[in-house]
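Right, one structure below, let's go through it.
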Amino acid sequence: QVQLVESGGGLVQPGGSLRLSCAASGNIRSINSMAWYRQTPGKERESVAIFISDDRTNYAESVKGRFTISRDNAKNMVYLQMNSMKPEDTAVYYCNAHILTVTDSYYRSYWGQGTLVTVSS
């Protein structure tokens, strides 16, 4: 069984910063890509930042230069540092990871439960 648990969401003023964390736990053998997505009511979930490999990342155009994704492979964690935040960053943020468990023969996609981020004065 694998779990992804996000933390760090909350209310922040425009221009402020937040740092999201996501911890993966369970019978994990290996983690491939890790990523952050977000979703607002009535819209599809969108990619925010992705670790394609240990040294390659990809960001949505709307967050480039403001958000930074990082990971700690030893702790099976991924982070999202969000700076210069805007009201349009308000969303539920989800952690995603492609994980190979000790019982599987291929990587599966797992999602966290989401954490709400609200940017408002």
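Select from region 33-44 the residues that are among the basic types (Lys, Arg) and crowded, with 16+ Cβ neighbours inside 10 Å and list them in ascending order. If the condition is that a residue be among the basic types (Lys, Arg) and crowded, with 16+ Cβ neighbours inside 10 Å, then 38 is the only one that fits.
Yes/no per residue for (1) in contact (Cβ under 8 Å) with a residue 40 or more places away in the chain; (2) open to solvent by 40 Å² or more (accessible area, probe 1.4 Å); (3) charged (D, E, K, R):
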{"residue": "17", "(1), (2), (3)": "yes, yes, no"}
{"residue": "31", "(1), (2), (3)": "yes, no, no"}
{"residue": "64", "(1), (2), (3)": "no, yes, yes"}
{"residue": "72", "(1), (2), (3)": "no, yes, yes"}
{"residue": "79", "(1), (2), (3)": "yes, no, no"}
{"residue": "93", "(1), (2), (3)": "yes, no, no"}
{"residue": "116", "(1), (2), (3)": "yes, yes, no"}
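Taken over region 95-114, residues that are within 15 Å of residue 6 (Cβ to Cβ) and either at pLDDT below 95 or loosely packed, with under 13 Cβ neighbours inside 10 Å (or both) amount to 1. Which condition does residue 33 not pass, out of (1) in a loop (DSSP other than H, G, I, E, B); (2) small (Gly, Ala, Ser); (3) touching a Phe, Trp or Tyr at 6+ places or on another chain (Cβ under 7 Å), if it passes all the others? Failing condition for residue 33: (1). Within region 1-13, being exposed (fewer than 13 other Cβ atoms within 10 Å of the Cβ) and not in a strand (DSSP E or B) holds for 1, 13. Put simply, of 45, 56 the only residue that is basic (Lys, Arg) and modelled with pLDDT under 95 is 56.
The values are calculated or read from the model by the stated rules, or taken from the named source; none is laboratory data. This is a predicted model, so every value here is computed, not measured. Cβ atoms come from the backbone with ideal geometry, glycine included; neighbour counts cover every protein chain shown. When the accessible area is computed, the model is the full protein with side chains, heavy atoms only, and any ligands, DNA or RNA have been set aside. Shrake-Rupley method; radii C 1.70, N 1.55, O 1.52, S 1.80 Å.
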